[in-house]
Amino acid sequence: MSTDGRRGRRGRRTAVVVAVLLVLAGTAAVVGGLAAQDHAPQPPVSAASSSGASTAASGAVPSAPTFTGTPAQPGPSLAPGAVRPLVPSPPTHLEVPAIGVSTDLLQLGQNADGTVQVPPLARDSRAGWYRYSPTPGELGPAVLLGHVDSAEYGPGVFFRLGALEPGDTLSVTRADDTVATFRVTRVASFPKDQFPTLDVYGNTADAQVRLITCGGAFDSSARSYENNIVVYAALTGGPTG
């Protein structure tokens, strides 16, 4: 693929990602999960570099451009010492023992208006895989999203996401009955207007996962959470099963 082609796809992916992050924060905010968010664990706040940061206004939910459905293109070569990526297979279940998460995974696409779908708010809160990202275990960053809380149902599936620490493990069961395991390498909270879009969603030279939810304080005037929490994890083993 040409350099221009890769840049074009990265540009489309960046615009879609901004919609993912802001819709995720805005959906929970409109429901008004104020009380629970006050008690959700919060990792340190990080600042993104200006070159890869989202600059959309707080609380805005922009429409994404037309998306071809092509997953993120992999990096040029496998990182030295990295675990060999798996063949593509959609994820079906996520386990994060350190924070008590055991959830079946939805498949998330885009809404009719071009914004990215997020999991529905429900008593049985589930996380979802954004199906235009790589599958977990495949080369590149697989994207899993979940709500932190809601006023009606209380803590969401990713309520304790901010309590994860480097070294914690998670596993993803896939449609081919294999299980891919990952180790957390970083946990951070980013102001929405400084979100490091390319760092989170850009090409990687190994198989990785990103877990994303809302974070920070709830701005009642804007009806929006101020931050997004991101967990970075790298493939350490698989497939098993």
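Some notes on this structure:
- Across the range 77-119, the qualifying residues are those that are over 15 Å from T181 (Cα atoms) and of a type in the set (G, A, S), and the one among them that is modelled with the highest pLDDT is G100.
- Qualifying residue in the range 226-241 (condition: part of a loop (DSSP other than H, G, I, E, B), touching a strand residue (DSSP E or B) at 6+ places or on another chain (Cβ under 6 Å) and either of a type outside the set (V, I, T) or buried (at least 24 other Cβ atoms within 10 Å of the Cβ) (or both)): yes
- Residue identified as farther than 15 Å from P90 by Cα and not acidic (D, E) among A142, A112: A112
- Filter result for V179 (closer than 18 Å to G162 by Cβ and of a type in the set (A, V, I, L, M, F, W, C)): no
- Some residue of the range 158-165 being surrounded by fewer than 21 Cβ atoms within 10 Å (Cβ to Cβ), part of a loop (DSSP other than H, G, I, E, B) and out of contact with any Gly (no Cβ under 6 Å at 6 or more places or on another chain): yes
- Qualifying residues in the range 174-213 (those that are in contact with an Asp or Glu (Cβ under 8 Å, 6 or more places away or on another chain) and assigned to a strand (DSSP E or B)) - the one farthest from S46 (Cα to Cα): A207
- Pairing each residue of the range 176-198 that is touching a residue at least 40 places away in the same chain (Cβ under 8 Å) with any residue that is exposed (fewer than 15 other Cβ atoms within 10 Å of the Cβ) and of a type in the set (D, E, K, R), provided the two are 6+ apart or on different chains, yields C-beta distances under 8 Å for V184/E165; V187/E165.
- No other residue among T204, T178, T197, T213 is in contact with a strand residue (DSSP E or B) (Cβ under 9 Å, 6 or more places away or on another chain) and modelled with pLDDT of 95 or more apart from T178.
- When G146, G156, G167 are checked against the criterion of being of a type outside the set (F, W, Y), under 18 Å from I229 (Cα atoms) and free of Cβ contacts under 8 Å to residues at least 24 places away in the same chain, a single residue qualifies: G167.
- S171 meets all of the listed conditions (1) assigned to a strand (DSSP E or B); (2) under 21 Å from L78 (Cβ atoms) but one, namely (2).
- In the range 120-166, the residues that are among the acidic types (D, E) and at pLDDT 95 or above: E138, E165
- Residues being in contact with an Asp or Glu (Cβ under 8 Å, 6 or more places away or on another chain) and β-branched (V, I, T) - total across the range 148-171: 0
- Residues in the range 229-241 that are modelled with pLDDT under 90 and farther than 16 Å from V83 by Cα: G241 alone.
The values are calculated or read from the model by the stated rules, or taken from the named source; none is laboratory data. Since we're looking at a predicted model, the values are computed, not measured. FYI the Cβ positions are ideal-geometry reconstructions off the backbone, even for glycines, and counts take in every protein chain you see.
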